[in-house]
Each structure stands twice: as C-alpha cells, then as structure tokens.
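Visitor: The structure under discussion is supplied below as structure tokens; questions concerning it will follow.
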Amino acid sequence: GDALHLSRPVRAILQDTDGVTVQSDGFSVRAYRAIVAIPMAIASSIVYEPALPTDRAFLNQRMPSGAVVKTSVIYD
C-alpha cells in the first residue's frame with residue numbers, strides 16, 4: 001500500500017525531541033523512531049542530524065562489507 005516507498009534512497013535522518021524525519025529526494029516521512037538496516041558502508045552516505053558519535057561514524061566508514069556474520073541456530 002501507501003506505507004512502502006521503493007526507489008527512494010534516504011538522504012538524511014533528522015532527529016529532534018519529538019522523533020525523526022527521514023528525507024529522500026522530494027519526499028519525507030515523520031516517525032517516532034527510525035531503524036537503519038542497511039550495510040554500514042551505505043549508511044555512512046546518509047546525513048545524520050545531530051551527527052553520529054565520532055566513533056560510530058568512523059566505524060561506518062571503515063568496517064568492510066562481509067566483516068561481520070550473523071548466524072541463527074535453533075535447537076530442539
């Protein structure tokens with residue numbers, strides 16, 4: 001439906017005391033929270049306001065893709 005927007009790359013995430021505004025080209029969404037679930041190398045191209053902590057920004061820029069693996073194991 002109208003809740004999903006494809007081909008709208010996020011350019012900026014602006015946070016204030018009331019929540020976040022996620023901005024794309026000619027489009028924005030207001031929300032209480034935002035989850036950034038993309039590779040760190042791509043996440044570093046998003047403008048964050050206020051800026052991310054320095055250590056996190058450096059991690060986003062320097063962590064190579066494929067350096068972290070997530071595995072789920074289910075036991076009886």
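Visitor: Would you mind telling me which numbered condition in (1) more than 26 Å from Val69 (Cβ to Cβ); (2) out of contact with any Lys or Arg (no Cβ under 9 Å at 6 or more places or on another chain); (3) open to solvent by 90 Å² or more (accessible area, probe 1.4 Å) Arg56 fails?
Guide: It fails just one condition, (1).
Visitor: Identify, by number, the condition in (1) touching a strand residue (DSSP E or B) at 6+ places or on another chain (Cβ under 7 Å); (2) not in a loop (DSSP other than H, G, I, E, B) that Leu59 doesn't meet.
Guide: Unmet condition: (1).
Visitor: Considering only residues of the range 4-17 that are at pLDDT 95 or above and more than 14 Å from the chain's Cα centre (by Cα), which is most open to solvent (accessible area, probe 1.4 Å)?
Guide: So the residue we want is Thr17.
Visitor: Among the candidates Val73, Val29, Val20, Val36, single out the residue that is assigned to a strand (DSSP E or B), open to solvent by less than 100 Å² (accessible area, probe 1.4 Å) and modelled with pLDDT under 95.
Guide: Testing whether each residue is assigned to a strand (DSSP E or B), open to solvent by less than 100 Å² (accessible area, probe 1.4 Å) and modelled with pLDDT under 95 leaves just Val29.
Visitor: Give the number of residues within the range 1-26 that are within 16 Å of Ile42 (Cβ to Cβ) and touching a Phe, Trp or Tyr at 6+ places or on another chain (Cβ under 6 Å).
Guide: 2
Visitor: Tell me, which residue of the range 1-25 that is β-branched (Val, Ile, Thr) and touching a residue at least 24 places away in the same chain (Cβ under 8 Å) is nearest to Ala51 (Cα to Cα)?
Guide: Applying the filter and picking the extreme gives Ile13.
The values are calculated or read from the model by the stated rules, or taken from the named source; none is laboratory data. Being a predicted model, the structure only gives us computed values, none of them experimental. Neighbour counts are summed over all protein chains in view; Cβ atoms, including those assigned to glycine, are modelled from backbone coordinates with ideal geometry. The accessibility values were calculated without ligands, DNA or RNA, using every heavy atom of the protein model including side chains. Shrake-Rupley method; radii C 1.70, N 1.55, O 1.52, S 1.80 Å.
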